[in-house]
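Engineer: Quick one: the structure is below, questions incoming.
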C-alpha cells in the first residue's frame, strides 16, 4: 500500500520548514511567506498528491466535519430526492460529510438514529419532514445546532428552510387568470397538512387581487387511498375533477394541489370529452418531471425548490456550527420562492 504523503514530505521537497508548509496549506493569515514560496509549496503539494488529514483537522478545530440529515420519508420519495442532493453537494463543497438517516416516520427509529448521530459527534443536524409540516423538535436535539428542512417548529428559535407555499399557489392561479380564466376550480386531497391550507390561501389571494369572488364550491377535496402514493393522489384528483367538471357551470381551469392530482384531472377531462388545454386548462404544483413531461400535453406547474432548500439548510447549519456560543437571535425562518414552469396545459378559456 502506498504511503500517505504528509506535510513533512512537502516541506522536504520544497526546502522549507514544516511550520511554513502548514501555514501556507491551511491559509493562516499574517504569516510571512513570499509569493514565490507559496507558489512552490502549493505546486509541490499538488505534484506529490498531498491530501489534508481530515481527522487531525477536525481535532484541531474541535469539529467532526460531519452533519446528520434525519428525515421521515424524504430520502425515499423520488420527487424530493433533490433536497438530499442539494444538501449533500453544499456540504461537500465545504468539506463536510452528510450522514443520511430515513426513519419512515418511526419514532423509536428516529430516537435511536439521533442518539447514534450524537454519539458520532456530528457538528449539527438537518431535521426534515415532508409537506411543510409543523413538527416538535426532539428534546435530544435542543443542545445541538439544528435546522428544520421543509418543516417548521412553533419555537421561533429553531431555524427552518421551507417553500413559500402561499406564493406558489398565488403564482399558479395568477397564470390562469392572466390567460383570461375567471372560473377556476381547485382539486385537493383531504390530508391535514399545512401545505394544503397555504396553497389554498395563495389561490384565494390571487382571486381577490383579480376581483374574483371566492366560491367554496369550486374547491373540491377527495381522500387519497392509499395515502400519499402517486396512485392515491391521482385517484383523488380524478374524483375531484369529475365532480368539478360535471357541475352545471363547470370551471374553465383547474389548479391542482400537486402534479399527481393533475394526472387524475387529465383522466377525468378525457372521459368527459374535454381536451387540455382547448376546453380546460390545468396547472399543478411540485414539478415532478416524470409526471409533467409524460402527460399530454406537458403539464404547466409550479416548482418546489427542493435542491435549493437542501443547499440553503446546509448553509444555515454551517453558519450555526461556525458561531461560538448560543445561536444568534433572531434565527432565520427562510422561505424560498416557487417559480412557474410553463409548458403546454394552459391556454385562454374556450368561448362557452
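The values are calculated or read from the model by the stated rules, or taken from the named source; none is laboratory data. Just so it is clear, the model here is predicted, and its values are computed rather than measured. Virtual Cβ from ideal backbone geometry, glycine too; neighbours counted across all protein chains shown.
Engineer: Could you list, in sequence order, the residues of the range 160-189 that are in a helix (DSSP H, G or I), in contact (Cβ under 8 Å) with a residue 60 or more places away in the chain and under 20 Å from the mean Cα position of the chain (by Cα)?
Structural biologist: 165, 167, 168, 169, 171, 172, listed by residue number.
Engineer: Would you confirm whether or not the range 108-115 contains a residue that is outside any helix (DSSP H, G or I) and either at positive phi or assigned by TED's automatic domain parsing to the domain that holds residue 321 (or both)? Quick ask: steps written out before the conclusion?
Structural biologist: At the first step, the residues of the range 108-115 found to be outside any helix (DSSP H, G or I) are none.
No: zero hits.
Engineer: Could we say that residue 208 is out of contact with any helix residue (DSSP H, G or I) (no Cβ under 9 Å at 6 or more places or on another chain) and in a helix (DSSP H, G or I) here?
Structural biologist: Against the criterion (out of contact with any helix residue (DSSP H, G or I) (no Cβ under 9 Å at 6 or more places or on another chain) and in a helix (DSSP H, G or I)), residue 208 qualifies.
Engineer: Further, regarding this structure: Quickly run through the range 125-139 and pick out the residues that are on the phi < 0 side of the Ramachandran plot and under 22 Å from the mean Cα position of the chain (by Cα).
Structural biologist: Here is the first cut: in the range 125-139, the residues on the phi < 0 side of the Ramachandran plot are 125-130, 133-139.
Correct list: 125, 126, 127, 128, 129, 130, 133, 134, 135, 136, 137, 138.
Engineer: Against the condition without any contact (Cβ under 8 Å) to a residue 24 or more places away in the chain, part of a loop (DSSP other than H, G, I, E, B) and within 24 Å of residue 263 (Cβ to Cβ), how does residue 192 come out, does it pass?
Structural biologist: Taking the combined requirement at face value, the residue satisfies it.
Engineer: Answer yes or no as to whether residue 88 is surrounded by fewer than 20 Cβ atoms within 10 Å (Cβ to Cβ), farther than 19 Å from residue 214 by Cα and touching a helix residue (DSSP H, G or I) at 6+ places or on another chain (Cβ under 9 Å). Let's see the steps before the verdict.
Structural biologist: Details: surrounded by fewer than 20 Cβ atoms within 10 Å (Cβ to Cβ): yes; farther than 19 Å from residue 214 by Cα: yes; touching a helix residue (DSSP H, G or I) at 6+ places or on another chain (Cβ under 9 Å): yes.
Answer is yes for this residue.
Engineer: Look at the range 306-343 and say how many of its residues are modelled with pLDDT of 95 or more and out of contact with any strand residue (DSSP E or B) (no Cβ under 7 Å at 6 or more places or on another chain).
Structural biologist: Number of matching residues: 1.
Engineer: Now, a different point. Residue 156 versus (1) outside the structural domain of residue 258 (by TED's automatic domain parsing); (2) modelled with pLDDT of 90 or more: which is the lone unmet condition?
Structural biologist: In the conditions (1) outside the structural domain of residue 258 (by TED's automatic domain parsing); (2) modelled with pLDDT of 90 or more, residue 156 misses (2) alone.
Engineer: Okay, moving on. For residue 101, state whether it is outside any helix (DSSP H, G or I) and either at pLDDT 80 or above or under 21 Å from residue 148 (Cβ atoms) (or both).
Structural biologist: yes
Engineer: Residue 108 is checked against (1) surrounded by 12 or more Cβ atoms within 10 Å (Cβ to Cβ); (2) over 16 Å from residue 64 (Cβ atoms) and fails just one. What number does that condition carry?
Structural biologist: (1)
Engineer: What do you reckon, is residue 233 farther than 17 Å from residue 132 by Cβ, in contact with a strand residue (DSSP E or B) (Cβ under 8 Å, 6 or more places away or on another chain) and either surrounded by fewer than 17 Cβ atoms within 10 Å (Cβ to Cβ) or touching a residue at least 24 places away in the same chain (Cβ under 8 Å) (or both)?
Structural biologist: no
Engineer: Quick one: in the range 118-141, which of the residues that are modelled with pLDDT of 90 or more and in a strand (DSSP E or B) is surrounded by the most Cβ atoms within 10 Å (Cβ to Cβ)?
Structural biologist: Filtering first and then ranking leaves 128.
Engineer: Something else: Output the helices (runs of 4 or more DSSP H) that fall wholly within the range 1-88 and possess 1 or more residues being within 28 Å of residue 99 (Cβ to Cβ), at pLDDT 70 or above and not assigned by TED's automatic domain parsing to the domain that holds residue 145, or say none.
Structural biologist: Fully inside the range 1-88 and qualifying: 18-25.
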